[in-house]
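What follows is a single structure, written as structure tokens, with notes after it.
The values are calculated or read from the model by the stated rules, or taken from the named source; none is laboratory data. It should be emphasised that the depicted structure is a prediction, and the values quoted were computed from it without experimental measurement. Glycine also receives a Cβ, built like all others from the backbone with ideal geometry; neighbour counts cover every protein chain displayed. When the accessible area is computed, the model is the full protein with side chains, heavy atoms only, and any ligands, DNA or RNA have been set aside. Shrake-Rupley method; radii C 1.70, N 1.55, O 1.52, S 1.80 Å.
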Amino acid sequence: MHFHFISCYIMKVLKFGGTSVGSPERIRGVKKIIESQGSPCLIVVSAFQGITDDLKHLSELASNRDDKYEILLDKVIAKHIDFVRQLIVKNKQNIVIEDIKNISDDLRETLNGIYLLRELSKHSLDQTLGTGEILSSLIISNLIDDCRLIDARNFIKTDSNFGFANVDFGKTDTLITKSLAGARNRIIVPGFIASNERGETTTLGRGGSDYTASIFAAALNAEVLEIWTDVDGFMTADPKKVERAYAIESLTYSEAIELSHFGARVIYTPTLRPVYKKNIPIIVLNTFNPGSKGTIISNKANDNHISPIKGISSIDHIDLITLQGTGMVGVTGTSMRLFGALARKNINIVLITQASSEYSITFAVSPTDSVIASDALNEEFKIEIDHNKELKILIEKNLSIIAIVGERMKNTPGISATLFRSLGRNGINVIATAQGSSELNISVVIKNESLKKALNVIHDGFFLSRFKEMYLFIAGTGLVGTSLMKQLQNQYSTLVSEHNLKINLIGVTNSRKMFIDKKGIPLENYREVLKTSGEKGDISVFIQQMTRLNLRNAVFIDCTANEDVASRYGEILSKYVSIVTANKIACSSEQSYYQQLKSIANERGVRFMYETTVGGGLPIIKTINDLVLSGDKILKVEAVLSGTMNFIFNELSPEMPLSNAIRKAREIGYSEPDPRVDLSGTDVVRKIMILSREAGYSIEREDVIINKFLPDECFKGDLNDFFEKVKEYDAEFEQKRKELTKQNRKWRFFATMELGKAKVELLTIGSDHPSFNLEGSNNIILLTTDRYKELPMVIKGYGAGADVTAAGVFADLMRVVNV
């Protein structure tokens, strides 16, 4: 192999990472990109994908006297020879393969020494790891037309800090500018490697090929540095964790440094320093999507970005160490001792936060450094910890860091509020936080188990997502549940196109079966999925699985009339899941439970919506809430609250006796599955209790007076017995109906609440009453308040029916979205 010293006029530096050169097919793509450049360029290449890891592994095997290292080494060599045979023209193949064998012989000799000494020093490891780039650059230089290969070790000079060598920029820049000053052909350079003053191979750290490219670009005053990788640029968040993440058009150097420091692995962080000093822009581009714009990094970013933050970065695993105690308060030099002790152990600190009281200092480190850091502090503060008992060390594990970054965060109010509100509403606890005075980033430490959820809610909270998403868990597939599913399906496209809202059905259950799929359940065939893939229905298991998914913006929708489901609302709300319900039981149970649910929802920052428990889709509860909130006092409520009862009594005629009218109400879905719930007044009692409570009165079920219009014996036995007994009263009710018709009066089943006292009863009303012309299953509510004494406020409209109730549930769901 021959490395050439040449001179050239470099306009552009390109760097291709391991994934970009991961296969012969990908390398051909790289060749097209290089040959499409219109001006002289310098190309830095990484080792082929996976090779550096293989070299590290076989080095470790050799140090453990494991002969398997030779097998792995042979595979590595064979892979490179195979690449040669697929990429290089035949008349050059033998020469290149001979060079590979010579390089491999040197590598084998180094590994044999490691094997014999049973020791893998950082020095030796650098000799083996650097071989990957030497081999890849050799092969690619023989593929690209009109190019020369140079050895980065002859140009980049470092100290002897093997593994993470520090560059001597004075010597390096002189060597590069002196040797590369005027020729006009392409140059191929192996990344990652350098050499110390003794000529020994050193490396620039994992990801160091980026750094190599930056060093050459800065020394040559290149017009631009292009980093070719496997993504479309810096993303707003890790696309593996946030599916809606997208490429950022532009970043400042400072923004890119912050994002890289906190885990964005697009660019090796030290890469930014040399080009920043020379004000050379970096463009991050996708080798597999060459037409994408990528991300431009320069001293001034595009101001067209809507959000004040540019991106969200994260470090998956960190430990948090706290030095805490009275021994720090008012004592100068404590911080210097702490960070000095850590520096002596070469421990990298990711984040620092200190209490203003000086009672504690907290910092984050990699879990691999946690024990070393703790030992260093125990040694440094031995007297204060062991003898004076004034300090102690606390270590918290299984944590992650999230950083939001953006130059425009500075002097923009509400950034922290949005961040913490987004996390708090979704049940994500912030363990520590830090923000520099530059206001360039805000960092938070959370439990690792919440990382993915946190990234997504923050991404949504700052409008970085094109769509806001909701994750629905629906209980009940009866008339209301079925209608809701149809309405969601019909409105899906409109919600996406006009409101940027995606509704995802994740779980559905009924009394027989249940099914949950994190990937989503198609709205159009949920019944088939439930039938063929569902397991035995169990609301307890369903809720456990729902909360275990820990999804952001999760909503539990109760379309049942089930008491067991209603009894679990507290558990659901406590897990930061909002509830939308048409089930009246929870809000009409004990006053204490009703208050508890509202308190939990308020404390957790989630929504508990139950508008449809009274009046179907009519805005009754919302209206009462608005009146009370604005300082009005509800004095009296008079209401026909049962669409079922109103339908039944409006249907009565010589041809439609009472028993048939009840059957018809049940068949078309106006009544409960068991109409005795309506006819006994139970349903109306629940509704007037809910309205009374919303009006500010404390009321229990036994406080409501019920005047039934059918004797108790009708409500004994099963449903068939009920209908048989009701028939006995058909004639009596028909006779009364005729008399009322002559008097120009009608029946209305009224619920009345006055100053906290409530009753339900069947009344007759004249033509002057607002409810006289109430048709079908309509409801009417008359609200007498301090402001509406002379003429009560009237709310009137459809109050029963699956479609109307489902529409009300849908409307409540939209209120959850827009909170």
Problem set entry | Search result, residues across region 495-530 that are open to solvent by 30 Å² or more (accessible area, probe 1.4 Å), touching a helix residue (DSSP H, G or I) at 6+ places or on another chain (Cβ under 7 Å) and either part of a helix (DSSP H, G or I) or acidic (Asp, Glu) (or both) | 524
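Each row is one residue, and each column tells you yes or no for (1) within 25 Å of residue 216 (Cβ to Cβ); (2) among the small types (Gly, Ala, Ser).
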{"position": "69", "(1), (2)": "no, no"}
{"position": "84", "(1), (2)": "no, no"}
{"position": "97", "(1), (2)": "no, no"}
{"position": "101", "(1), (2)": "no, no"}
{"position": "120", "(1), (2)": "no, no"}
{"position": "125", "(1), (2)": "yes, no"}
{"position": "132", "(1), (2)": "yes, yes"}
{"position": "151", "(1), (2)": "yes, no"}
For this session: Return yes when residue 812 is open to solvent by 40 Å² or more (accessible area, probe 1.4 Å), acidic (Asp, Glu) and under 30 Å from residue 504 (Cα atoms) and no when it is not.
Result: no
Exercise. So which residues in region 152-187 are of a type in the set (Asp, Glu) and assigned to a loop (DSSP other than H, G, I, E, B), if there are any at all?
Worked result: 159, 168
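What is the residue count in region 678-699 for residues that are in contact (Cβ under 8 Å) with a residue 12 or more places away in the chain, on the phi < 0 side of the Ramachandran plot and more than 41 Å from the chain's Cα centre (by Cα)? Give the derivation first.
Initially, region 678-699 is screened for residues in contact (Cβ under 8 Å) with a residue 12 or more places away in the chain, giving 678-681, 683-699.
Narrowing further to those that are on the phi < 0 side of the Ramachandran plot: 678-680, 683-695, 697-699.
Those still in the list that are more than 41 Å from the chain's Cα centre (by Cα) too: 678-680, 684-685, 699.
The qualifying residues number 6.
If you go through region 453-462 one residue at a time, do you hit one that is outside any helix (DSSP H, G or I), surrounded by fewer than 20 Cβ atoms within 10 Å (Cβ to Cβ) and among the hydrophobic types (A, V, I, L, M, F, W, C)?
no
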For this session: Quick one: residue 339 ticks every box in (1) closer than 25 Å to residue 205 by Cα; (2) open to solvent by 70 Å² or more (accessible area, probe 1.4 Å) except a single one, so which number is it?
Result: (2)
Seminar exercise, completed: In region 567-597, residues that are touching a Cys at 6+ places or on another chain (Cβ under 9 Å), part of a helix (DSSP H, G or I) and either open to solvent by 50 Å² or more (accessible area, probe 1.4 Å) or of a type in the set (A, V, I, L, M) (or both) total 1
Exercise. Before we move on, is residue 419 crowded, with 17+ Cβ neighbours inside 10 Å, without any contact (Cβ under 8 Å) to a residue 40 or more places away in the chain, of a type in the set (A, V, I, L, M, F, W, C) and out of contact with any Pro (no Cβ under 6 Å at 6 or more places or on another chain)?
Worked result: no
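Got a sec? Which of 291, 333 is free of Cβ contacts under 8 Å to residues at least 12 places away in the same chain and open to solvent by less than 40 Å² (accessible area, probe 1.4 Å)?
On inspection, the qualifying residue turns out to be 333.
Can you name every one of the helices (runs of 4 or more DSSP H) wholly within region 21-113 that holds 3 or more residues which are under 20 Å from residue 212 (Cβ atoms)? Let's see the steps before the verdict.
On the way: elements: 24-35, 51-63, 68-87.
The helices (runs of 4 or more DSSP H) meeting that bar are 24-35, 51-63.
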Seminar exercise, completed: Residue pairs qualifying under the 6 Å Cβ cut-off, at least six apart or on distinct chains, with the first in region 473-494 being outside any loop (DSSP other than H, G, I, E, B) and the second being open to solvent by 80 Å² or more (accessible area, probe 1.4 Å), are 483/803; 489/524
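Does any residue of region 128-144 turn out to be acidic (Asp, Glu), open to solvent by 20 Å² or more (accessible area, probe 1.4 Å) and either over 43 Å from the mean Cα position of the chain (by Cα) or within 19 Å of residue 104 (Cα to Cα) (or both)? Working first, answer last.
Filtering region 128-144 for residues acidic (Asp, Glu) gives 133.
From the residues that got through so far, the ones that are open to solvent by 20 Å² or more (accessible area, probe 1.4 Å) too are none.
No, region 128-144 has no match at all.
What are the residues in region 531-547 that are outside any helix (DSSP H, G or I) and surrounded by fewer than 12 Cβ atoms within 10 Å (Cβ to Cβ), if any?
If the condition is that a residue be outside any helix (DSSP H, G or I) and surrounded by fewer than 12 Cβ atoms within 10 Å (Cβ to Cβ), then 536 is the only one that fits.
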Exercise. Which residues, counting only those in region 652-705, are open to solvent by 50 Å² or more (accessible area, probe 1.4 Å) and either basic (Lys, Arg) or part of a helix (DSSP H, G or I) (or both)?
Worked result: 660, 663, 664, 666, 667, 686, 701, 702, 703
For this session: Restrict the check to region 251-258 and report whether at least one residue is open to solvent by less than 10 Å² (accessible area, probe 1.4 Å) and of a type in the set (D, E, K, R).
Result: yes
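If you take just the strands (runs of 3 or more DSSP E) that sit entirely in region 745-807, which of them hold at least 1 residues that are among the polar types (S, T, N, Q)?
Details: elements: 746-754, 757-765, 778-785, 793-798.
The strands (runs of 3 or more DSSP E) meeting that bar are 746-754, 757-765, 778-785.
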Exercise. In region 266-288, how many residues are out of contact with any strand residue (DSSP E or B) (no Cβ under 9 Å at 6 or more places or on another chain), in a loop (DSSP other than H, G, I, E, B) and surrounded by fewer than 20 Cβ atoms within 10 Å (Cβ to Cβ)?
Worked result: 1
Exercise. For residue 376, all conditions in the list (1) buried (at least 17 other Cβ atoms within 10 Å of the Cβ); (2) touching a residue at least 40 places away in the same chain (Cβ under 8 Å) hold save one; what is the number of the exception?
Worked result: (2)
Seminar exercise, completed: Those residues of region 361-371 which are farther than 16 Å from residue 444 by Cα and open to solvent by less than 20 Å² (accessible area, probe 1.4 Å) amount to 370
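Would you be able to say whether some residue in region 303-320 is open to solvent by 20 Å² or more (accessible area, probe 1.4 Å) and among the basic types (Lys, Arg)?
We begin by selecting, within region 303-320, every residue open to solvent by 20 Å² or more (accessible area, probe 1.4 Å); these are 303-306, 308, 315-317.
Remaining after also requiring among the basic types (Lys, Arg): none.
No, because not a single residue in region 303-320 is open to solvent by 20 Å² or more (accessible area, probe 1.4 Å) and among the basic types (Lys, Arg).
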Seminar exercise, completed: Within region 224-242, of all residues that are assigned to a loop (DSSP other than H, G, I, E, B) and among the acidic types (Asp, Glu), the one nearest to residue 191 (Cα to Cα) is 230
